[in-house]
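Here the structure comes first, spelled out in structure tokens, and everything after it is commentary.
The values are calculated or read from the model by the stated rules, or taken from the named source; none is laboratory data. It should be emphasised that the depicted structure is a prediction, and the values quoted were computed from it without experimental measurement. Glycine also receives a Cβ, built like all others from the backbone with ideal geometry; neighbour counts cover every protein chain displayed. Surface accessibility is based on the protein's heavy atoms, side chains included, excluding ligands, DNA and RNA. Shrake-Rupley method; radii C 1.70, N 1.55, O 1.52, S 1.80 Å.
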Amino acid sequence: MAEKLSAVKGMNDIAPPVSAHWEWLEETLRALMRRYGYRNVRTPIVEPTALFVRGLGEVTDIVEKEMYSFEDRLNGEQLTLRPENTAGVVRAAVEHSMLYDGGKRLYYMGPMFRHERPQRGRYRQFHQFGAEALGFAGPDVDAELIVLACDLWAELGLEGIELEINSLGQPAERQAHRAALISYLESHADLLDEDARRRLHSNPLRILDTKNPAMQAMVNGAPHLMAFLGPESLDHFNRLRALLDAQGIAYRINPRLVRGMDYYNLSVFEFVTTQLGSQGTVCAGGRYDGLFEQIGGKAAPAVGWALGMERILELLKEQGRLPEPVVPDAYAVVPDVAALPVAMRLLRELRHQGVSVTMHAGGADGMGSMKSQFKKADASGARHALVFGAQELEQGMVAVKPLRGTRDGDVGQQLQPLNNASAWGVSLRGD
């Protein structure tokens with residue numbers, strides 16, 4: 001026998017019935033985006049490595065430790081499996097001059113790749129859904145995206161998700177804060193762990209996001225970036241707060257909230273929960289007005305967020321909010337192969353009417369006993385069995401037999417004409 005092959009560690013198959021949960025979540029997200037006027041954009045899974053090095057920052061964890069990068073052996077190009085998709089969306093916007101006629105509201109959905117230690121809610125191939133508003137400078141669109149996410153939690157029935165916000169200001173303000181922060185951290189050098197010492201002069205802001213308990217008290221005493229913000233940055237932040245207040249959206253200002261990529265400025269935010277252990281962030285984003293220039297485009301404002309679909313599904317499961325399993329409206333019981341041509345023709349007509357029907361599949365020796373077919377019909381979860389018996393077919397009929405508790409107006413087994421399915425077929429639908 002050939003050696004058994006398995007999926008790559010941290011990259012998981014998604015099969016029925018779980019895949020139905022994914023489809024339901026994807027459809028919910030698409031419908032909400034349509035109502036908000038966001039349109040779908042699809043970018044390649046593989047991008048030039050330089051896009052992420054330049055866009056995310058050379059000293060970020062993603063670029064330093066987590067990217068799946070390789071050289072294309074056919075032409076020597078340096079390529080990377082996308083670890084996130086904001087940089088890819090902006091690259092596409094620049095390459096195709098998407099903003100020539102004004103701002104764009106876009107959304108994406110798909111797999112991302114990071115070489116991390118697989119754990120609950122964090123995998124090496126994971127799936128993100130993101131909303132990006134390109135070409136809009138005001139805090140009204142920041143607020144719109146936050147409200148959009150809140151509407152999603154309500155639509156999914158999720159509870160216990162809290163919003164944290166902060167402002168990272170503008171580059172000059174961050175530079176002033178950076179100098180003060182480095183000075184403060186140097187005065188506490190004995191408390192810095194190896195990772196913090198490595199980042200001290202390259203990316204000190206990320207030290208504030210440390211998960212090391214031994215550093216928490218020291219980090220909490222570090223200078224706040226908010227104290228270095230100028231009037232325009234503070235005005236943007238305060239206007240955002242006013243818009244959220246007007247919508248009745250609760251939030252907490254977290255002065256230690258930073259993002260893992262270098263491209264963020266002004267508003268940043270996270271939606272967090274305590275119900276997923278250490279992977280408590282379910283959606284995060286902010287404004288990234290400098291990214292267009294970083295990757296070679298004309299300056300343009302932008303803001304967006306991304307959510308981890310695995311984490312949302314975990315939270316839905318935790319709170320008992322996943323939908324019921326998808327089942328067919330009817331199951332076709334076909335006692336004899338001679339009935340197959342008629343059965344398949346009728347089932348096709350029913351499907352054209354939107355009825356979901358599963359047909360029993362026979363084996364090499366025939367269709368199997370009626371008992372075994374009804375057993376499979378019951379196991380399918382279908383509400384009705386369609387029985388193509390010889391006596392019924394001689395009369396030009398099919399027997400429709402209820403398999404579940406009847407609804408108001410339903411009756412017991414009925415014979416229905418084969419040549420008039422349009423008159424009775426829709427009644428089989430479970431909707």
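Cβ-Cβ distances below 8 Å connect the following pairs, each with a first residue in segment 83-105 that is acidic (Asp, Glu), a second residue that is part of a helix (DSSP H, G or I), and a separation of six or more residues or different chains: 84/52; 84/56; 84/62. Do you know which of the residues in segment 379-393 that are free of Cβ contacts under 8 Å to residues at least 40 places away in the same chain and either under 18 Å from residue 330 (Cβ atoms) or β-branched (Val, Ile, Thr) (or both) is most open to solvent (accessible area, probe 1.4 Å)? So, considering only residues that are free of Cβ contacts under 8 Å to residues at least 40 places away in the same chain and either under 18 Å from residue 330 (Cβ atoms) or β-branched (Val, Ile, Thr) (or both), the one most open to solvent (accessible area, probe 1.4 Å) is 379.
Being crowded, with 21+ Cβ neighbours inside 10 Å and modelled with pLDDT of 90 or more narrows it down to one residue among 254, 265; which is it? Criteria check complete, one pass: 265. Tell me, yes or no, whether segment 116-130 has at least one residue that is part of a helix (DSSP H, G or I), farther than 13 Å from residue 292 by Cα and open to solvent by less than 10 Å² (accessible area, probe 1.4 Å). No, every residue in segment 116-130 fails to be part of a helix (DSSP H, G or I), farther than 13 Å from residue 292 by Cα and open to solvent by less than 10 Å² (accessible area, probe 1.4 Å). Filtering 185, 200, 229 for residues that are modelled with pLDDT under 90, more than 31 Å from the chain's Cα centre (by Cα) and open to solvent by less than 40 Å² (accessible area, probe 1.4 Å) leaves a single hit, 200.
Listed by position, the helices (runs of 4 or more DSSP H) enclosed by segment 131-210 that each have at least 2 residues that are touching a residue at least 12 places away in the same chain (Cβ under 8 Å) and closer than 30 Å to residue 95 by Cα are 139-156, 171-186.
Here segment 66-104 is the region considered, the condition is being touching a helix residue (DSSP H, G or I) at 6+ places or on another chain (Cβ under 8 Å) and charged (D, E, K, R), and the residue that is nearest to residue 127 (Cα to Cα) is 84.
The single condition among (1) assigned to a loop (DSSP other than H, G, I, E, B); (2) of a type in the set (D, E, K, R); (3) over 23 Å from residue 53 (Cα atoms) that residue 289 does not satisfy is (3).
Applying a threshold of 8 Å to beta carbon distances and a minimum spacing of six or more residues, or different chains, the list of pairs starting in segment 2-16 at a residue that is within 19 Å of residue 123 (Cβ to Cβ) and ending at one that is of a type in the set (Ser, Thr, Tyr) and surrounded by 10 or more Cβ atoms within 10 Å (Cβ to Cβ) reads 10/123; 11/123; 12/123. Taken together, the residues in segment 228-277 that are within 30 Å of residue 120 (Cβ to Cβ) and assigned to a loop (DSSP other than H, G, I, E, B) amount to 19.
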